[in-house]
1. Would you mind checking the tilt of helix 48-67 against the longest principal axis of the Cα atoms of the chain, expressed as 0 to 90 degrees and rounded to 10?
2. Suppose the chain between residue 76 and residue 105 were pulled fully straight at 0.36 nm per residue; how much longer would it get relative to their current alpha carbon spacing?
3. Kindly put 128, 28 in sequence by how many other C-beta atoms sit within 10 Å of each C-beta, fewest to most.
4. Would you mind calculating the gained length between residue 50 and residue 23 on full extension (0.36 nm times residue separation, minus the Cα-Cα distance), in nm to one decimal?
5. Is it possible to state the helix-based mean residue ellipticity at 222 nm for the chain, with each DSSP H run of 4+ residues giving -39500 (n - 2.57), the sum divided by total residues, to the nearest 500 deg cm²/dmol? What is it?
6. Helix 71-84 against the longest principal axis of the chain: what's the angle in degrees, Cα atoms only, rounded to the nearest 10?
7. Fully extended, how many nm does the chain gain between residue 43 and residue 98 (0.36 nm per residue separation, minus their Cα-Cα distance)?
8. Can you tell me the FRET efficiency between residue 83 and residue 4 if r is taken as the Cβ-Cβ distance and R0 is 25 Å, rounded to the nearest 0.05?
Amino acid sequence: MIKTTAPYAALLLRVSLGILFLAHVGLKLFVFTVPGFVGYFASMGLPAITAYAVIALELFGGLALVLGIYASWVALPLAVEMLGTIVLAHGHNGWLFTNAGGGWEYPAFWMIALLALYLLGDGAMALKPARSS
């Protein structure tokens with residue numbers, strides 16, 4: 001049974017992660033706004049180009065995950081982004097994401113889910129699988 005259902009588990013994980021990233025980039029664009037997000041990165045001492053790169057990674061990465069376009073490989077840079085989020089933005093706020101400024105539990109879970117997707121592969125219904133199963 002596992003052999004026959006694993007591709008659908010990967011599909012569910014892949015699409016869910018993709019939708020989460022699209023919602024996350026929507027938060028940056030429509031709630032924080034691009035200038036606000038760039039300003040937040042500047043407050044951490046990061047160049048503006050880094051903020052734009054994160055927005056692009058989440059937008060195109062989220063789409064690639066939903067559609068299944070090299071999704072297992074796309075999961076890796078997104079996992080690295082989550083690690084950066086932990087180190088640069090949320091790590092000093094403590095474990096719980098409900099802490100002021102958001103803790104690092106949610107980005108850590110997100111990173112682990114992305115690594116699991118990488119290990120599982122693209123799953124069922126991928127438009128352009130990164131590797132054959």
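1. 20
2. Details: separation 29, 0.36 × 29 = 10.44 nm, distance 1.87 nm.
Value of the extension gain: 8.6 nm.
3. Ranked by crowding around the Cβ, least crowded first: 128, 28.
4. On the way: separation 27, 0.36 × 27 = 9.72 nm, distance 1.93 nm.
Gain on stretching residue 50 to residue 23: 7.8 nm.
5. Numbers: 5 runs with 85 residues, N = 133.
Computed mean residue ellipticity for the chain: -21500 deg cm²/dmol.
6. 30
7. Details: separation 55, 0.36 × 55 = 19.80 nm, distance 2.17 nm.
Stretched fully, the residue 43-residue 98 segment lengthens by 17.6 nm.
8. With R0 = 25 Å, the Cβ-Cβ based efficiency is 0.15.
Values quoted throughout were computed directly from the atomic coordinates according to the rules given, and no laboratory measurement underlies them. Keep in mind the model is a prediction, meaning the values are calculated, not measured. Positions of Cβ are backbone-derived with ideal geometry, glycine not excepted, and every protein chain shown enters the neighbour counts.
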